[in-house]
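Engineer: Structure provided below as structure tokens; questions to follow.
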Amino acid sequence: MTALTRSQQPPAGGTAARRRALWQERLNAAPFSPGVLGWAVPVILAVFAGALRLWNLGNPRSLIFDETYYAKDAYALMIAGHELVWPEDHDEQFAGGNPQPTEEGSYVVHPPLGKWLIAVGLRIFGTDSAYGWRFSSAIAGALAVLLIALIAQRMFRSVFLGGFAGLLSAVEGHHLVMSRVALLDIFLLLFVLAAFGALLADRYSARRRLAVWAAESEGLPDADWERGPHLLLRPWRLAAGVLLGCAVAVKLSALAFIPVFGLMVVLWDVEARRTLGVRRWLRSGLLRDGLPAAITVLPIVAVTYLASWSGWLVTSGGWGRGWHEENPPEGLAVLVPGPIRSLWNYHTSATEFHTGLESGHEYASTPWTWLFMGRPVSMHYQGLDEGAVYEHTGETCVAGRCSSAVVDLANPLIWWTGLVAVVIVLLLWLGRRDWRYGAVLSGYAAGYAVWLLFPDRTMFFFYTISFHPFLILAVTVLAALVLGMGDTSRDSVRQRNTVLVTCFALLCVAVSVFFWPVWTAELIPYDQWQWRMWIDSWI
């Protein structure tokens, strides 16, 4: 969008409210009032998502996949404030309600916040119930559905499309599985999505403030339009800083979202001043918006992240906690408190681990295969012969052979449609420069592209959950395009388009119903498990 000259700006005159409304429209910040349904639909979908995630959450009643690390680390944080070393083959004893960690600090490579959140469920239900170590993940998954519905609703100014995005997230298998296991990644998704929502709220808030300034400044000399106003305090942007700090405090891979989201909001601010008609829009956007954002948000991210390590900092038994005592500071390092220097050394070691991790794993995959879901992760599989009792639920296998599985397998219809949608959104953004398309691509790129920097590292498909919401938003863009097809002034055309989108959503639900057993460890005949393994690499 090109900068407006004074003659191209909304006409002066009329009431102040009318002038403000014209500017809001010009800045794409017109108020949106969805009414009662605007909250009812997202909340209903979140409750529905919560029910799907909490149902039979205790099956399997054992630590599966990386739960063996994170659930036990969460318990250690709860009792000691830092991670502890556990005896070998301690999973069964832990699940039996008799955890016995050693007193030795454990070296771990992920920050503690996600494990602190898992500890909330352990505090409520204890370690003798799988609900304990999975409960927080399920709640985080349900909250993420609430957020995606609200965000899509606001971006597309449609309760229907918000509900569409929320429903797809609620029933999508990748999202569902990651919400039903005690891993860190669903918390990463939640905080990244919440930060994106906060930045979206800041966009609208800032532009409404610019509209008020423009409406009140129409009669002022051109000199007052040289740079435009200072917007100073922007609470939603500060909230985004806290949330991004929380995301990094769950997994360090969230660092990729900080520069990408930062560039995104700077472009939003610069474009807003350009649309406003500010003469020096680029310089004022960078100095009056971008610079204040950097000097306020980045420290908030850092402080939030540091706060997540409070348990390690205030205790003395964590791994590497006393490093500074054995390594006296040199030069300016004497100004840094000892525990902080020890924490820096810890992170240096963890960074070397993350970048150099090349150990083989049966379910490892490369980022290129993630796009089409080439190698999902099997987190649990148990085969039973006829007449055998499934230990986790007490069911008896009544077929010739039975299977119970938890496969981090996305809903194929949603995932593959999402890949097509991302390509279309990219082409649309190149052609139309619609800010919504750029925002969707920013989140997708931040979550995906960072892994391309480490081609030799051991990686897994479930890392894609961080950009899952943006894949859903890309599919929602396609739904919005379908709703806008043809002469939408005619009721018959609008109804046809709505039916098409609704049928797609219902088909996605049907596919999820089909795959439900292999997402939730349901005991099914072996041949039914095979029906759902469409590609050999899924096994």
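The values are calculated or read from the model by the stated rules, or taken from the named source; none is laboratory data. The shown structure was predicted, so the numbers you read here are calculated from the model rather than taken from an experiment. Glycine gets a Cβ as well: all are built from the backbone with ideal geometry, and neighbour counts include every protein chain shown. Quick note on the areas: whole protein, heavy atoms, side chains included, nothing else; ligands and nucleic acids left out. Shrake-Rupley method; radii C 1.70, N 1.55, O 1.52, S 1.80 Å.
Engineer: Residue separation times 0.36 nm, minus the C-alpha to C-alpha distance between residue 347 and residue 487: what's the value?
Structural biologist: 44.6 nm
Engineer: Another question about this same structure. May I ask you to evaluate 6.51 cos²θ - 1.76 cosθ + 1.60, the Karplus curve with θ = phi - 60°, for each residue of segment 367-381 and list the ³J(HN,Hα) values in order in whole Hz, giving x for glycine and proline?
Structural biologist: Result, rounded to whole Hz: x, 5, 7, 5, 4, 10, 6, x, 9, x, 9, 8, 8, 7, 8.
Engineer: If you plug each phi of segment 174-184 into the Karplus form 6.51 cos²θ - 1.76 cosθ + 1.60 with θ = phi - 60°, what whole-Hz ³J(HN,Hα) values come out, in order, with x for Gly and Pro?
Structural biologist: Listing the rounded values in order: 4, 5, 5, 4, 5, 8, 10, 10, 8, 10, 8 Hz.
Engineer: Using amide H atoms built 1.01 Å from N in the peptide plane, name the residues 5+ places from residue 315, or on other chains, whose amide H lies under 5 Å from its own.
Structural biologist: Answer set, sorted by chain and number: none.
Engineer: Please state the charge dipole magnitude for the chain, taken about the Cα centre, from unit charges on C-beta atoms (+1 on K and R, -1 on D and E), reported in debye and rounded to the nearest 20. Walk me through the numbers before you get to the answer.
Structural biologist: Numbers: 40 positive and 41 negative charges, 690 e Å.
The dipole magnitude comes to about 3320 debye.
Engineer: With the cut-off at 1.5 for a/c, could you classify segment 296-438 from its C-alpha gyration tensor as rounded, prolate or oblate?
Structural biologist: Here segment 296-438 falls in the oblate category.
Engineer: Got a sec? Which residues in segment 467-504 would a label at residue 427 touch, if it sits 7 Å along Cα→Cβ and we count backbone N under 18 Å?
Structural biologist: Taking a point 7 Å out along Cα→Cβ of residue 427, the residues of segment 467-504 whose backbone N falls under 18 Å are 474-486.
Engineer: What's the FRET efficiency of residue 216 with residue 280 using the Cβ-Cβ distance as r and R₀ = 22 Å, to the nearest 0.05?
Structural biologist: 0.65
Engineer: Next up: Please sort 111-120, 488-497, 301-310, 185-194 by packing, taking for each peptide the average over its residues of neighbouring beta carbons within 10 angstrom, highest first.
Structural biologist: Numbers: 111-120: 24.2, 488-497: 11.7, 301-310: 16.7, 185-194: 27.1.
Final packing ranking: 185-194, 111-120, 301-310, 488-497.
Engineer: Rounded to the nearest 20 debye, what is the charge dipole size of segment 40-132 about its Cα centre when +1 sits on each Lys and Arg Cβ and -1 on each Asp and Glu Cβ? Show your work: numbers first, answer last.
Structural biologist: On the way: 5 positive and 11 negative charges, 119 e Å.
In total the dipole reaches around 580 debye.
Engineer: Right, here's the next one. Taking amide hydrogens as modeled 1.01 Å from N in the peptide plane, which residues meet the under 5 Å criterion relative to residue 365, leaving out close sequence neighbours?
Structural biologist: Here the answer is 459, 460, 461, since their amide H atoms fall under 5 Å of that of residue 365.
Engineer: For segment 67-146, with the dipole built from +1 on Lys and Arg beta-carbon atoms and -1 on Asp and Glu ones, taken about the Cα centre, which of 81, 95, 107 lies farthest toward the positive end?
Structural biologist: The listed residue farthest towards the positive side: 81.
Engineer: How long is the gain from residue 51 to residue 399 if the chain were fully straight, where each residue apart is worth 0.36 nm and the alpha carbon distance is subtracted?
Structural biologist: Taking 0.36 nm per residue and subtracting the Cα distance, the gain is 122.4 nm.
Engineer: Now, a different point. Separation of segment 452-481 and segment 507-521 by C-alpha centroid, Å?
Structural biologist: About 20 Å separates the Cα centre of segment 452-481 from the one of segment 507-521.
Engineer: Something else: Which GluC sites (Glu not before Pro) does segment 294-344 hold that lie in a coil by DSSP with at most 13 other beta carbons within 10 Å?
Structural biologist: Counting only loop positions with at most 13 other Cβ atoms within 10 Å, the GluC sites (Glu not before Pro) in segment 294-344 are 330.
Engineer: Taking the solvent-accessible surface of protein heavy atoms with a 1.4 Å probe, what is the per residue accessible area of segment 78-130 in Å²?
Structural biologist: About 48 Å² of surface per residue is accessible.
Engineer: Follow-up question, since we're still on this one. With θ set to phi - 60° and the Karplus curve 6.51 cos²θ - 1.76 cosθ + 1.60, what are the ³J(HN,Hα) couplings of segment 500-510 in order, to the nearest whole Hz, using x for Gly and Pro?
Structural biologist: Each residue of segment 500-510 in turn: 4, 5, 5, 5, 4, 4, 5, 5, 4, 4, 4 Hz.
Engineer: Next up: May I ask you to list the chymotrypsin sites (Phe, Trp or Tyr not before Pro) in segment 318-407 that are in a DSSP loop and have at most 12 other Cβ atoms within 10 Å of their Cβ?
Structural biologist: The qualifying sites are 372.
Engineer: Rank 52, 376, 426 by how far each Cα sits towards the positive end of the charge dipole of the chain (+1 on Lys, Arg Cβ; -1 on Asp, Glu Cβ) and give me just the farthest.
Structural biologist: Sorting the options by dipole projection puts first 426.
Engineer: What is the extension gain from residue 434 to residue 526, computed as 0.36 nm multiplied by their sequence separation minus the C-alpha to C-alpha distance, in nm to one decimal?
Structural biologist: Stretched out fully, the residue 434 to residue 526 stretch lengthens by 28.3 nm.
Engineer: Can you give the helix-only mean residue ellipticity at 222 nm for the chain, where every DSSP H stretch with n ≥ 4 adds -39500 (n - 2.57) and the sum goes over all residues, rounded to the nearest 500 deg cm²/dmol?
Structural biologist: Computed mean residue ellipticity for the chain: -19000 deg cm²/dmol.
Engineer: Also, I was wondering about something else. Of all accessible surface on the chain at a 1.4 Å probe, what whole percent is carbon and sulfur?
Structural biologist: Working: 14610 of 23100 Å².
Result for the chain: 63 percent of the exposed heavy-atom area is carbon or sulfur.
Engineer: Let me ask another. For segment 302-449, report the accessible area per residue in Å² (1.4 Å probe, heavy atoms, rounded to an integer). Walk me through the intermediate numbers first.
Structural biologist: Numbers: 7350 Å² over 148 residues.
Averaged over the residues of segment 302-449, the accessible area is 50 Å².
Engineer: Using amide H atoms built in the peptide plane, which far-off residues or other-chain residues are under 5 Å from residue 380 H to H?
Structural biologist: Here 406 satisfy the definition.
Engineer: Can you give me the accessible area per residue for segment 156-217, using a 1.4 Å probe, in Å²?
Structural biologist: 17 Å²
Engineer: Give a quick list of GluC sites (Glu not before Pro) in segment 83-123 that DSSP marks as loop, anything other than H, G, I, E or B, with at most 14 other Cβ atoms within 10 Å. Before the final figure, lay out each step's value.
Structural biologist: Details: sites: 83, 88, 92, 103, 104; in loops: 83, 88, 103, 104.
Here the sparse-neighbourhood loop sites are 88, 103, 104.
Engineer: Another question, then. What would the Debye formula give as log10 I(q)/I(0) at q = 0.07, 0.11, 0.12 Å⁻¹ for the alpha-carbon point model of the chain, no solvent?
Structural biologist: -0.45, -1.04, -1.19
Engineer: Next question. Of 471, 410, 511, which is farthest along the charge dipole of the chain in the positive direction, counting Lys and Arg as +1 and Asp and Glu as -1 at C-beta?
Structural biologist: 471
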